[in-house]
Amino acid sequence: MSKKTNIDAVKPVHATTQDRDTKIMNVICNTSILLMCMLTEAFSDFFTNMAAGMATAVSTGFGASEKNTKEMTQKIDEIKTELPKQMTEQLITMKTDITKQLQSKKDDIKTLIIDPKFDEGITIAEQYHFGLSPLTQDLDDLTLLKYIGLLTANDAQCVKMFQELMAWMNSIPQLKKS
């Protein structure tokens, strides 16, 4: 008589826990990166727009020629086109830094994420579909940039997901500072 086995019953318990832990860490890491990138982009936009306005006001106030005003505007436009390149570099740096921080506190984090509240982050991230890998995976730079693009374009579903993830991150237990 042959025995029927359930594949899930054969899996070691730690494999499921490890998968859960990895998903949680990825959601936290990816959401943090997106938040920092959005803040960086907002500040960049603010300052370049402010610089453009100030340059126009100053050049107009001092009677600068139309040619000089156009040159200043072109330089500011050049800065705006450089920002996406710098953003990609910052993205790589942020991801590396966050990953290192999470790895250095891995043991402390493992005891913290036992809390079922952390499962909500996985649920939120996996219920939205954008034709991209979910935030529960270790995302490459291009995918993160596509998420930033969706957020920047105010994609309703992506914004909603991001808001839910931010609320979730504010509700989860935090590591005590040592």
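The values are calculated or read from the model by the stated rules, or taken from the named source; none is laboratory data. On a predicted model such as this, the values are computed, not experimentally measured, just so you know. Glycine gets a Cβ as well: all are built from the backbone with ideal geometry, and neighbour counts include every protein chain shown.
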Going through Leu135, Leu145, Leu139 one at a time, which residue ends up being farther than 18 Å from Ile24 by Cα and within 11 Å of the chain's Cα centre (by Cα)?
Leu145
Pairs only if they're at least six apart or on different chains, beta carbon under 7 angstrom, first in segment 143-170 and within 15 Å of Thr123 (Cβ to Cβ), second exposed (fewer than 12 other Cβ atoms within 10 Å of the Cβ) and of a type outside the set (Phe, Trp, Tyr); list them, first residue then second.
none
Filter the helices (runs of 4 or more DSSP H) completely within segment 68-157 down to those with at least 1 residues that are more than 19 Å from Asp19 (Cα to Cα), of a type outside the set (A, V, I, L, M, F, W, C) and modelled with pLDDT of 80 or more.
141-152
